[in-house]
Amino acid sequence: MARVAPMSEMTSRTTVSDAGGGIVPPPTSLQQTAREAARKASKAAFAAADLFLGDFPGPRILIYHQIGAGSGRQMDLSPEMFRGHVKWLLDHGRIVGFGDALSGADDPESNRRFVLTFDDGYADFYENAFPLLRDEGLPFVLYLTTGHIETGDLLHPGDRPLTWDQIDEMLASGLVTLGAHTHTHPDLRDMPVDQVEQEIGESNRLIELRTGQVPAHFAYPKGYWDQGAETVIRRSYETAVLGAGGPVNKGTDHLRIGRVPVQQADGHFFFTRKVLRGMRLEERVRSLVKGYRNPLG
Ligand SMILES: [Zn+2]
């Protein structure tokens, strides 16, 4: 290829809904009381389903960034934790390539297919995760921010970007689906279209120049989806992934593919919850991310 509630949650939802209209007026009729009861019952049922129905259809597309960089950031997982994730995923399903996940999104077993995606392009990923993936023959998606790889301008202090030689070596493994992630990793929200085009154009130019591959896939930097940017993305790539979002199925717009962000603070328990319960927890995570826009409504 050239290149996707604990009890406390139930409580908070109820509280929010009660507080939504300010002071809740007393019911004035039996009908109103019945409506309110039905609404609460449906919310409780929904939350219960969220808790206990793990089997949402569709492959789970996981977002990783750094492995073993020692930065202390949430997106930086220890190699031991990452190894534990891979083992757990293999024990509970299959780690598949991006194309296989999308084409088989409606298969009965698709909810036990997992895609590993790695954003930005860090040397620690190459050093601490790639050897395991290579040895196990596990496919993965690499979304490259070309600026820090090409120029050494760091996305965060102390980072070490991948080198093109490392990328070449990984491509030779045949396990990589290569994607673009802009040139400078900007917030694309409200960016003028010509600037979005520059970011996309430079990123694609460098990836093609250095690897010979024309990237067909894109990841929004920081998960900041934007309607205006999407018009450029839509004509530039076959697929685009978000920073969170709903499950992937046959009806999913391939330019708005949801993913599951993996964080250090998840620990093993919330990692497995996130994966098994589909993306619903991500709805909550997304709402906490300042300024995140939801293209899916
Ligand atoms: Zn990124």
Residues satisfying the stated conditions in region 130-166, i.e. modelled with pLDDT of 95 or more, within 16 Å of the ligand (Cβ to nearest atom) and touching a Lys or Arg at 6+ places or on another chain (Cβ under 9 Å):
T146, I149, E150
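Here's the yes/no breakdown for (1) at pLDDT 95 or above; (2) away from the ligand (no atom under 16 Å from the Cβ):
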residue	(1), (2)
K222	no, no
Q227	no, yes
T231	yes, yes
R235	yes, yes
V275	no, yes
G278	no, yes
Tell me whether region 199-216 contains one or more residues that are within 12 Å of the ligand (Cβ to nearest atom) and within 16 Å of L255 (Cβ to Cβ).
no
Please count how many residues of region 49-106 are aromatic (F, W, Y) and modelled with pLDDT under 95.
2
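The values are calculated or read from the model by the stated rules, or taken from the named source; none is laboratory data. Predicted, not measured: the structure shown is a model, and the values here were computed from it. Here the Cβ is made from the backbone with ideal geometry for all residues, glycine too, and neighbour counts use every protein chain on show.
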